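What follows is a single structure, written as structure tokens, with notes after it.
The values are calculated or read from the model by the stated rules, or taken from the named source; none is laboratory data. Predicted, not measured: the structure shown is a model, and the values here were computed from it. Heads up, the Cβs are rebuilt from the backbone with ideal geometry, glycines too, and the neighbour counts pull from every protein chain shown. Please note that ligands, DNA and RNA were not included when accessible areas were found on the heavy atoms of the full protein model with its side chains. Shrake-Rupley method; radii C 1.70, N 1.55, O 1.52, S 1.80 Å.
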Amino acid sequence: MVLIQRSCFMGGRSMIFLRHVTALFALALFETLGGLARACDRRDLGRAAAPSEHQRRADCENESACSPAEGTDSIKLSDISRCAVAVFPAIELKTSYDSGKPIFRSTITKPILRRLITAIVIPVAACARVTAPVSSFPASHAASTVVDRSAALCTVSYDGVIWYRIPAREFPPIDVRLATCGFKVLGRNPSPHRPYWSIPSAATQTRFVFTSLDEVISVKGTRNIERMAAAHHVPVSWMVGDIRHMAYAADYNAFHRANGDDAQAQFWGNLHVAMSAKLPWYVPSVSILTAGVERDVRRALSFGEHAFWGITWNSHGTDGTFDYGAPWGTYCADVHSYKRPQPDGGCAFLAFEWTARDLTRAYLSGREAAFSTDPDDLLRRGGFSPKSAAAYARRIVDAYAEAGHTQPIVMIVQEESIDGLIAANAVVMNALLDEAVRDGMKLETLSQAARDARTFSAAPRAVAFPYIFGGREVESDMLHGDTLYPATIDYHDSRVGMTFLSGHTLPSRVFRYADYPVSRFNRPLPEVPGWEMPSLLRASVKNGWLKFEFAAPRALRFGVAIWSDPSQLKIIGPGEIRAGRAATVLVFDLKAGTSNVRYLCRGCRSSTFTYSL
């Protein structure tokens, strides 16, 4: 709905009456026509023209993006039989938000259906003297859209409660349903620049661990990986899965002496004995629990291994494993239910993930095996060429390095020894190792990280991750089929896990860990169902206090995300945690019924915030 201000000479009772008529009429329209509106919504914003030459040189994500620019003034819409479309004049957009160069014009298209609703509602709403942003309709009645550029200064919102000021230029993608400027001045660049907040700006606390799963014997592949890692002075943690590898113990000993390499074992008893005999420096510390079989926690502990490797974050059956719902990164696993954190906040059993992933695209695409740091995933599943995969991998490393600016985290990268024979994989892996060193990450082996990460992995963590363009575009069911994704935040503590989308105040999913007393490798953790999710009724700022009012069907640990630079807001209170420079996450316990939550906020002036760039 476009918000406008207009003078109307009407009595007070008439004004109140018209406000009610406006709400009821609009609600009925959206209820009746919402399905068609959502079907059309993904095509209602014109895809932006090709990026400028400066942008393509500075930030091209794949080989096609580096081809000569082909500017366009309009967009060809497919399947227009389902959607009546009105094309508005092309608008001249301002400078790119991180290149400083002009960007091409973008033609904005809007469905006549949505314009018709707006045209009917606006005259009545205007007489109600709308002078400030007001609450939106529920999500079921109005589809959202992801935008990342504007021709004018604007204020946008997803929920109609918390609003964001966006500049008259490019900005990081944000999911919105309301705009005070009107959607015809908003646009989309399908290959946007990275946000400033995702580019390393200071020293990082991120630990970098390079692992290689040795299940299939490949002496040449193993030696290729070692040669590549040693060139970057990065130690390798060899994860041995077969006792026959001990025929090449001399190699592992040489790697340990020259490069500080480590080795850890899968849970076979005879393998532990053989490694202890042939690798005098070997100390069991991390159990290698791979995919497709149940994780044997008791056996790992019996070997003195108080950590395990192998959680495939967000997975929906990759290699027969469903780790959906387990926390991202390292976490202190409950020995009785390893997919959830230890409830008492201790750290008796540390969990490592299989390999670091693009947290945004893995989640929103539903294809966690296509967007990770395993070169095979990118080249075989993600639709990348070796060159574009290398550029994409560097940006993933940068995002993890910046996420470690405000909190210590661990980034795991894995390459199987048999894949050391593939030249294209080496291009991607060299880029990953080089960028980790360049970003100043702390290089550790798996054993070292098991000791180190235990000191910080029980703490609450919020990690913001940007949309990084490249490879195959995947339509997101969560975004009504969109391929342009907003950034995400993944949060977890010992009781709850939550994911937020950029522009959304409330989480898009919640995992209540108390509900999962038993973990199975082939069973995902279910989300809190929609009917149990709290609603945000209102938010306000008064005398330096940011206040929220919620209605909750049942008691629940919950949270909100404010997508504005935390250093400017300076929010203070229990459960406040910064997601880097992107946002502040506020976590609290709600009772059943209505609850009020407040935080001291020195930088808050209203419930409208400056969107983080």
Seminar exercise, completed: The number of residues in the range 253-274 that are under 18 Å from Ala307 (Cα atoms), more than 34 Å from the chain's Cα centre (by Cα) and modelled with pLDDT of 95 or more is 2
Seminar exercise, completed: Among the residues of the range 149-176, the number that are open to solvent by less than 10 Å² (accessible area, probe 1.4 Å) and hydroxyl-bearing (Ser, Thr, Tyr) is 3
For this session: Taking only the range 453-466 into account, find how many residues are surrounded by 23 or more Cβ atoms within 10 Å (Cβ to Cβ) and hydroxyl-bearing (Ser, Thr, Tyr).
Result: 1
For this session: Would you check which residues across the range 207-217 are open to solvent by less than 10 Å² (accessible area, probe 1.4 Å) and either charged (D, E, K, R) or closer than 8 Å to Ile418 by Cα (or both) and list them?
Result: Asp214
For this session: Please state which one of Ser494, Ser508 is open to solvent by 10 Å² or more (accessible area, probe 1.4 Å), touching a helix residue (DSSP H, G or I) at 6+ places or on another chain (Cβ under 9 Å) and either within 26 Å of Ile199 (Cα to Cα) or among the β-branched types (Val, Ile, Thr) (or both).
Result: Ser508
For this session: Determine, yes or no, whether Arg361 is free of Cβ contacts under 8 Å to residues at least 60 places away in the same chain and either open to solvent by 10 Å² or more (accessible area, probe 1.4 Å) or assigned to a helix (DSSP H, G or I) (or both).
Result: no
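Answer yes or no as to whether Ile412 is touching a residue at least 12 places away in the same chain (Cβ under 8 Å) and over 20 Å from the mean Cα position of the chain (by Cα). Walk me through it before giving the result.
Values: touching a residue at least 12 places away in the same chain (Cβ under 8 Å): yes; over 20 Å from the mean Cα position of the chain (by Cα): no.
So Ile412 fails the test.
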Seminar exercise, completed: Filtering the range 324-353 down to residues that are polar (S, T, N, Q) and within 15 Å of Ser285 (Cβ to Cβ) yields Thr330
For this session: Would you be able to say whether some residue in the range 520-536 is surrounded by 20 or more Cβ atoms within 10 Å (Cβ to Cβ), in a strand (DSSP E or B) and not hydroxyl-bearing (Ser, Thr, Tyr)?
Result: no
Exercise. Restricting attention to the range 249-261, does a residue exist that is farther than 23 Å from Asp374 by Cβ, in a helix (DSSP H, G or I) and touching a residue at least 40 places away in the same chain (Cβ under 8 Å)?
Worked result: no
Exercise. What single numbered condition from (1) open to solvent by less than 10 Å² (accessible area, probe 1.4 Å); (2) within 16 Å of Glu416 (Cβ to Cβ) fails to hold for Phe371?
Worked result: (2)
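Residues in the range 542-570 that are open to solvent by 30 Å² or more (accessible area, probe 1.4 Å) and in contact with a Ser or Thr (Cβ under 8 Å, 6 or more places away or on another chain): how many? Even if it seems obvious, please write down each step before you answer.
Taking the range 542-570 first, the residues open to solvent by 30 Å² or more (accessible area, probe 1.4 Å) are 542-543, 545, 547, 549, 551, 553-555, 557, 565, 567-568, 570.
Subsequent filtering for residues that are in contact with a Ser or Thr (Cβ under 8 Å, 6 or more places away or on another chain) retains 547, 549, 551, 565, 568.
Of the residues in the range 542-570, 5 are open to solvent by 30 Å² or more (accessible area, probe 1.4 Å) and in contact with a Ser or Thr (Cβ under 8 Å, 6 or more places away or on another chain).
Taking Ile225 as the residue in question, decide whether it is touching a strand residue (DSSP E or B) at 6+ places or on another chain (Cβ under 7 Å), closer than 22 Å to Thr584 by Cβ, touching a residue at least 60 places away in the same chain (Cβ under 8 Å) and aliphatic (A, V, I, L, M).
Values: touching a strand residue (DSSP E or B) at 6+ places or on another chain (Cβ under 7 Å): yes; closer than 22 Å to Thr584 by Cβ: no; touching a residue at least 60 places away in the same chain (Cβ under 8 Å): yes; aliphatic (A, V, I, L, M): yes.
So Ile225 fails the test.
Can you give me the ranges of the strands (runs of 3 or more DSSP E) entirely in the range 438-500 with at least 3 residues that are touching a strand residue (DSSP E or B) at 6+ places or on another chain (Cβ under 7 Å) and free of Cβ contacts under 8 Å to residues at least 12 places away in the same chain?
Numbers: elements: 442-444, 461-465, 488-492.
Those strands (runs of 3 or more DSSP E) do not exist here; none qualify.
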Problem set entry | Those residues of the range 394-406 which are modelled with pLDDT of 95 or more and either touching a Pro at 6+ places or on another chain (Cβ under 8 Å) or not hydrophobic (A, V, I, L, M, F, W, C) (or both), in sequence order | Arg394, Arg395, Asp398, Ala399, Tyr400, Ala401, Glu402, Gly404
For this session: Among the residues of the range 271-322, write down those that are open to solvent by less than 10 Å² (accessible area, probe 1.4 Å), small (Gly, Ala, Ser) and out of contact with any strand residue (DSSP E or B) (no Cβ under 6 Å at 6 or more places or on another chain).
Result: Gly310
For this session: Pick out the one residue from Ala265, Ala250 that is farther than 30 Å from Met498 by Cα and open to solvent by 60 Å² or more (accessible area, probe 1.4 Å).
Result: Ala250
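Go through the range 326-341 and give me each residue that's surrounded by fewer than 23 Cβ atoms within 10 Å (Cβ to Cβ) and in contact (Cβ under 8 Å) with a residue 40 or more places away in the chain. Steps first, answer last, please.
Step one: list which residues in the range 326-341 are surrounded by fewer than 23 Cβ atoms within 10 Å (Cβ to Cβ), which gives 335-337.
Once the filter is applied, which keeps residues that are surrounded by fewer than 23 Cβ atoms within 10 Å (Cβ to Cβ) and in contact (Cβ under 8 Å) with a residue 40 or more places away in the chain, the range 326-341 yields His336, Ser337.
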Exercise. Looking at the range 595-608, which of its residues are open to solvent by less than 10 Å² (accessible area, probe 1.4 Å) and part of a loop (DSSP other than H, G, I, E, B)?
Worked result: Cys604
Problem set entry | Subset of the range 575-613 (residues that are free of Cβ contacts under 8 Å to residues at least 24 places away in the same chain and either within 20 Å of Ala401 (Cβ to Cβ) or among the charged types (D, E, K, R) (or both)) | Glu576
Problem set entry | Enumeration of residues in the range 571-594 that are surrounded by fewer than 19 Cβ atoms within 10 Å (Cβ to Cβ) and more than 23 Å from the chain's Cα centre (by Cα) | Ile572, Gly573, Pro574, Asp589, Lys591, Ala592, Gly593, Thr594
For this session: With the condition kept exactly as written, say whether any residue in the range 573-593 is hydroxyl-bearing (Ser, Thr, Tyr) and in contact with a Phe, Trp or Tyr (Cβ under 6 Å, 6 or more places away or on another chain).
Result: no
Exercise. Pick from the range 221-243 the residues that are charged (D, E, K, R) and either modelled with pLDDT of 95 or more or under 17 Å from Thr445 (Cβ atoms) (or both): which of them is most open to solvent (accessible area, probe 1.4 Å)?
Worked result: Arg227
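So which of Ala333, Ala351 is within 24 Å of the chain's Cα centre (by Cα), within 21 Å of Thr373 (Cβ to Cβ) and in a strand (DSSP E or B)? Please lay out each step first, then the result.
Numbers: Ala333 fails: within 21 Å of Thr373 (Cβ to Cβ).
Ala351 is the lone residue from the list that is within 24 Å of the chain's Cα centre (by Cα), within 21 Å of Thr373 (Cβ to Cβ) and in a strand (DSSP E or B).
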